[in-house]
């Protein structure tokens with residue numbers, strides 16, 4: 001059988017509209033806020049302290065469950081004796097041993113054994129990266145920020161608030177050690193997106209950056225019926241095809257959302273994490289009645305074995321009255 005992915009632009013636009021509406025109406029399964037949106041006590045949104053908090057925690061945000069990571073960060077910040085860890089001009093005045101001890105107090109810094117106990121499933125390609133030194137990353141980012149008067153805004157302004165320049169500089173020596181090697185570019189983009197949530201940061205050129213595509217994005221894209229068909233990762237670059245689909249969709253005459261392609265990632269990630277990953281069993285999903293795009297849910301499977309992926313999805317048909325409600 002020929003292996004081919006079929007794209008449906010209209011289905012993608014409708015999927016996004018429904019997901020965004022559900023998120024804004026707080027009807028996205030049981031989700032009220034993203035883990036990083038729940039702030040520690042006495043931390044004001046949009047302040048430099050908040051931007052430092054987002055930056056430092058984002059720098060070690062890999063191979064950890066998001067809820068556990070941000071909960072540990074909040075508990076650490078709310079501990080008066082440990083809050084210094086989030087301020088570069090203070091943290092670097094302390095011995096390395098104390099910093100390491102204090103980062104471990106509320107499990108913000110985890111050992112390899114602790115990460116494994118979180119029951120994260122590692123693909124074989126991941127195992128060589130799970131020994132990255134979170135302590136070194138935290139210190140490297142703190143050192144960098146201190147050179148800009150501990151100001152995230154000044155750091156971004158040094159690169160003209162240009163997302164393309166910032167991504168480029170953080171993927172090269174000497175700043176590459178401020179983020180993990182594991183999916184480095186994706187982590188940098190997600191960090192910038194979190195900063196962009198503060199409207200006072202006019203970061204430019206987001207529209208030129210393709211969406212970072214991970215398994216959650218692929219799963220949400222395919223199960224929503226936006227991209228269907230049969231393919232495998234040997235014959236097709238599946239992440240590239242998915243990224244191109246969403247990047248090109250904004251050029252469609254029916255696209256009327258004020259979002260850049262990389263901003264779609266949040267909604268697709270949420271759909272997969274809180275919907276598909278929990279409700280999907282084999283070819284069908286048990287969450288369709290509670291899902292914002294439940295009637296879009298398409299039959300089939302996505303299988304992953306180490307780095308090998310196969311897709312076999314048949315697009316569901318949508319009832320005409322359902323489409324009329326979206327108009």
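Checking the conditions here, which among 107, 150 is over 19 Å from residue 184 (Cα atoms) and modelled with pLDDT under 95?
On the way: 150 fails: modelled with pLDDT under 95.
The match here is 107.
For the subset of segment 279-315 comprising residues that are touching a strand residue (DSSP E or B) at 6+ places or on another chain (Cβ under 9 Å) and in a helix (DSSP H, G or I), which member is farthest from residue 205 (Cα to Cα)?
279
Out of 71, 117, report the one residue that is modelled with pLDDT under 95 and either surrounded by 17 or more Cβ atoms within 10 Å (Cβ to Cβ) or farther than 24 Å from residue 166 by Cα (or both). Walk me through it before giving the result.
Details: 71 fails: modelled with pLDDT under 95.
Result: 117 is the single residue among 71, 117 that is modelled with pLDDT under 95 and either surrounded by 17 or more Cβ atoms within 10 Å (Cβ to Cβ) or farther than 24 Å from residue 166 by Cα (or both).
Which of the following residues is touching a helix residue (DSSP H, G or I) at 6+ places or on another chain (Cβ under 7 Å) and modelled with pLDDT under 95: 145, 201? Even if it seems obvious, please write down each step before you answer.
Details: 145 fails: modelled with pLDDT under 95.
Testing whether each residue is touching a helix residue (DSSP H, G or I) at 6+ places or on another chain (Cβ under 7 Å) and modelled with pLDDT under 95 leaves just 201.
For segment 1-54, how many residues meet the condition of being part of a helix (DSSP H, G or I), surrounded by 12 or more Cβ atoms within 10 Å (Cβ to Cβ) and free of Cβ contacts under 8 Å to residues at least 60 places away in the same chain?
Qualifying residue count for the region: 3.
List the pairs whose first member sits in segment 141-161 and is at negative phi, whose second member is exposed (fewer than 14 other Cβ atoms within 10 Å of the Cβ) and assigned to a helix (DSSP H, G or I), and whose Cβ atoms are under 8 Å apart, counting only residues at least 6 apart or on separate chains?
Pairs found: 146/89; 148/154.
Looking at (1) surrounded by fewer than 20 Cβ atoms within 10 Å (Cβ to Cβ); (2) assigned by TED's automatic domain parsing to the domain that holds residue 147; (3) at pLDDT below 95, which one does residue 62 not meet, given that it meets all the others?
Checking residue 62 against (1) surrounded by fewer than 20 Cβ atoms within 10 Å (Cβ to Cβ); (2) assigned by TED's automatic domain parsing to the domain that holds residue 147; (3) at pLDDT below 95, the one that fails is (1).
Give just the number: which of (1) modelled with pLDDT of 95 or more; (2) assigned to a loop (DSSP other than H, G, I, E, B) does residue 57 not satisfy?
(2)
Looking at segment 277-295 only, could you name the residues that are at pLDDT 90 or above and touching a helix residue (DSSP H, G or I) at 6+ places or on another chain (Cβ under 6 Å)? Spell out the reasoning first.
Step one: of segment 277-295, the residues at pLDDT 90 or above are 291-295.
Across segment 277-295, the qualifying residues are 291, 292, 293, 295.
The values are calculated or read from the model by the stated rules, or taken from the named source; none is laboratory data. Only a predicted model underlies this, so the values are computations on that prediction, with no experimental measurement involved. Heads up, the Cβs are rebuilt from the backbone with ideal geometry, glycines too, and the neighbour counts pull from every protein chain shown.
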